[in-house]
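The values are calculated or read from the model by the stated rules, or taken from the named source; none is laboratory data. Just so you know, these numbers come straight off a predicted model, no measurement behind them. So basically every Cβ, Gly included, is an ideal-geometry build from the backbone, and we count neighbours across all protein chains shown. Surface accessibility is based on the protein's heavy atoms, side chains included, excluding ligands, DNA and RNA. Shrake-Rupley method; radii C 1.70, N 1.55, O 1.52, S 1.80 Å.
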Amino acid sequence: MSNWYYTDSTPSARSNTAMLNTETPSQAHAALDQYPTAELVNVFVDDQLKAVQAVRAAGPRITAAVTAALPRMEAGGRLIYVGAGTSGRLGVLDSVELYPTFSWPHERAVALLAGGDGAMFVAVEGAEDDHEQGMADLAGVDVGPDDVVIGIAASGSTPYVLGALKTARAAGALTLGFANNPGAPVIEQAEIGILLDTGPEVVSGSTRLKAGTAQKIALNTFSSALMVRLNKVYGNLMVDLKATNAKLVRRAIRLTSFATGADEDAARATLEACGFHVKTAIVALSKQTSVEQAQALLEAARGSVRQALA
């Protein structure tokens, strides 16, 4: 018997399905409520190590996802995250952080959460079970062939996510499926399925624990690697950030100074001349040229600082 099931509220449906790995009670911690507090804390922390191991095992599939997504992003496509509950909220988190970190446009990082935006803060019961709404929500953002749709579900069987993947496939978009159970529909129905096999949780079925941790690591890894391939990083420096607050202004100055050897006064002056675009400042200072010429060099190099300097 398969080890996944579609969400269904009827007792008969539940009784005819095998238990998911993520739902199976952990035999190692049957007396969890009797643990001394120090041991309880250590158990929760130590169990998170399995999340790292699960993502490491998924490395080849994440690599394939980055490789397949890159030409679509270069063609102007979007990253569209789809999920429910913890998985959906992690998708929202990944999407919104791409702008300050990599200057990735807001309109090119879309997050769809079962139950709507309000479900980010208050659980909307039953929203994840709506297959048709998943289809409709994705159709509502005009998904197209240059887009990458990222379905995220710990169970791997969330109808809302499966509905979105169906619409994405019909539109010719690249579909990625992240799930924590082997053989899950989200993995099998996506063009590139990514299994994060974290097994039973310390608190049975609470996939906000290491299943969620594995999803966070995997999404971070996928999107960050993709941004590196899109020339958002020089060496290991975050050179395409948006300096939208005092902390990020200071960071921009430090990064520019570190990359060029210029003192902080010179770095600030050049950054002020180019709207605090770190890439431009690095090229201008390194090549001792104008901001305008630095911008032209970067444009010719498709945003690559390394190629612009060469």
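See the values below:
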{"item": "Environment charge at Ala30 (Cβ cut-off 15 Å; Lys +1, Arg +1, Asp -1, Glu -1)", "result": "-4"}
{"item": "Shape box of region 233-310 [Cα atoms, principal axes, largest first, Å]", "result": "31, 21, 20"}
{"item": "Cα-derived Rg over Rh, computed across region 25-99 with Rh taken as Kirkwood radius", "result": "1.15"}
{"item": "Where labels lie 7 Å past Cα in the beta-carbon direction, separation of Glu132 and Arg108 in nm", "result": "3.6"}
{"item": "Cα-based Kirkwood hydrodynamic radius, region 58-126, one decimal, Å", "result": "13.1"}
{"item": "Helix-only CD estimate at 222 nm, as mean residue ellipticity for the chain, using -39500 (n - 2.57) per DSSP H run (n ≥ 4)", "result": "-15000 deg cm²/dmol"}
{"item": "Relative contact order (percent, whole number), region 220-274, Cα cutoff 8 Å, 6+ residue spacing", "result": "18"}
{"item": "Axial C-alpha extent at least 27 Å, average Kyte-Doolittle at least -1.0 - helices from the chain (DSSP)", "result": "210-229"}
{"item": "Where Lys232, Lys166, Lys210, Lys242 fall by accessible area, highest first, once all protein chains stay in place (1.4 Å)", "result": "Lys166, Lys242, Lys232, Lys210"}
{"item": "Candidates Gly140, Gly59, Gly205: whichever shows maximal mean-square fluctuation once the chain is modelled as a Gaussian network with Cα springs under 10 Å", "result": "Gly140"}
{"item": "Viscosity 1.002 mPa s, 20 °C: Kirkwood-radius Stokes-Einstein D of the chain over Cα pairs, µm²/s", "result": "102"}
{"item": "Kirkwood Rh, angstrom, region 188-244 [1 / mean 1/r, Cα pairs]", "result": "13.9"}
{"item": "Cα pair count fraction exceeding 16 Å, expressed as % - region 164-280", "result": "71"}
{"item": "Normalised contact order of the chain, rounded percent, pairs of Cα under 8 Å and 6 or more residues apart", "result": "19"}
{"item": "Of Gly59, Leu255, Ala308, farthest towards positive along the dipole that unit charges on Lys, Arg, Asp, Glu beta carbons give the chain", "result": "Ala308"}
{"item": "Sites Val96 and Val203 - FRET efficiency at Förster radius 41 Å, r taken between beta-carbons, to 0.05", "result": "0.90"}
{"item": "Label zone at Val249 (point 7 Å along Cα-to-Cβ), backbone N below 20 Å, region 83-110", "result": "100-103"}
{"item": "Size of region 125-207 as Cα extents on the principal axes (Å, biggest first)", "result": "40, 28, 15"}
